[in-house]
Amino acid sequence: MKINYTFFLSESNLRRRKLRSILTIGGMTVGIGLVVFLVSMGFGLQRLVRGQIANVEALTILDVSKGESTLLELNEEVVEQFNTMEDVDSVSPSLSLSAQVVHGDAVTDVAIYGINPTFLSMEGIKLKEGQEFSSEKANEMVITSTALNLVGYGNPDEAVGQELKVRLLVPQKIEGSSEEELVSREVSVKIIGTLEDEDELSISYIPIAYLQNLGYSADYSAAKVKVQDDKLEDYTLARVKVNDEAALPEVRKRIESMGYQVDSVADTVGQIDQIFVVFELIVAGFGAIALFVAALGALNTLTVSLLERTREIGLMKSLGATSGDIYKLFLVEAIIIGMTGGIIGIFVGVGGGELTNFGINYLAGRLGGEPVDMFYSPMIFLVIILLVVFFVSVITGVYPARRAAKISALDALRYE
């Protein structure tokens, strides 16, 4: 019996028993739809949380610092060593210091970070308003809305373009001595941008060269190293901004062996991924129970169909159909039921997630919130679901197909 004729007979048999077939396919649809809907929610929440913590670039950054060590140095010489290492593309050092910002009679403390303006993305700086630094030595700053609110700006965005006084403790050599003392110095710095301020921190960024011109030495608090894109497998760094998350553990191990402290946003994201893997497995387990029940329904449908069609099977065999043909007929019926329910279930699960996303984003827009997608279905996940459905369909059809194939044509026609 040709395979296309086998499909024709299987489809005809299912159409003759429409209600039973619809109910069985409906059970598969509910089971698969539930699996897709629940697991898509897990993927969506995972992607949402990861996006809130860090962007893709931040996940490839290792931050190197001296930690508690008083023996290590992280100065211009060390930064240059990083720069000359094989596969290193660039290094972004930073200075950190405490200061005060003054606006009228209002004064507030602020943490100032001196950075290389060309590496704003490496530092994870997201401008809300304004523009980037005009040069490496400009007396300009970007500052959080929290700091501006503390010094009296009701609308922080209005501060862009205005001057702000900053009080710094600047190192200055003592006359007649090689030692230095810290001297309070007030400088006027132009605000060129405000920062996205979700953590409500009082922070400001200033070009590192400007701070060094004021007298600060190149003794950095941290450094970020970016490696080239064409040799992702040969990292030899500490504190690295890489383009391959898989390389981070080995790179981190090498850097820590040098004595430096290494931190990464990837640590937090890795813990989040582990939590969501457990969550996705749990919700997939609930969906699998529904799929198992649906598979039992399909098995029951095929078994009942077998009992009803014993005479038909005997007649087919008497007309020349082989046991293999009967086996394939029932197996194809099981696959048609499973795959039809699976494909419809995928559309139901994905469609339900998209409708939920639309509803949430509609409410968020009406209430002034930001749009979010709580449901996300990776293509590889949907392909795996289809493969699982096919496998379950085959397993479901094996038992009734074997029973049907073993029916004797003589016995079937004698007793039916």
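Since every read-out is calculated from the coordinates, none of them should be taken as a lab result. Being a predicted model, the structure only gives us computed values, none of them experimental. Positions of Cβ are generated from backbone atoms using ideal geometry, with glycine treated the same way; all protein chains shown enter the neighbour counts.
If you take every residue apart from residue 319 with its C-beta less than 12 Å away from the C-beta of residue 319, what net charge results, scoring Lys and Arg +1 and Asp and Glu -1? Every neighbour counted, the sum reads -1. Let me know the shape class of region 320-365, please: from the alpha-carbon gyration tensor, a ≥ b ≥ c as square roots of the eigenvalues, rounded when a/c is under 1.5, otherwise prolate if a/b is greater than b/c, or oblate. Because a/c hits 1.5 or more and a/b exceeds b/c, region 320-365 counts as prolate.
Label region 268-383 by shape, choosing from rounded, prolate and oblate, from the square roots a ≥ b ≥ c of the eigenvalues of the Cα gyration tensor; if a/c is under 1.5 it is rounded, and otherwise prolate applies when a/b is larger than b/c, oblate when it is not.
In terms of gyration-tensor shape, prolate.
Once the Cβ-Cβ distance between residue 111 and residue 11 is put in as r, and R0 is 60 Å, what FRET efficiency do you end up with, to the nearest 0.05?
Values: r = 71 Å, r/R0 = 1.18.
The formula returns an efficiency of 0.25 here.
Exceedance of the 21 Å cut-off in Cα-Cα distance is limited, within the set 2/317; 126/165; 66/128; 18/317; 66/253, to 126/165; 66/128; 18/317.
With R₀ fixed at 25 Å, the C-beta to C-beta distance from residue 361 to residue 289 puts the FRET efficiency at about 0.20.
Remark on residue 206: its backbone amide H falls under 5 Å from those of 113, 114, 115, a criterion applied only to residues 5 or more positions apart or on other chains, H modelled at 1.01 Å from N.
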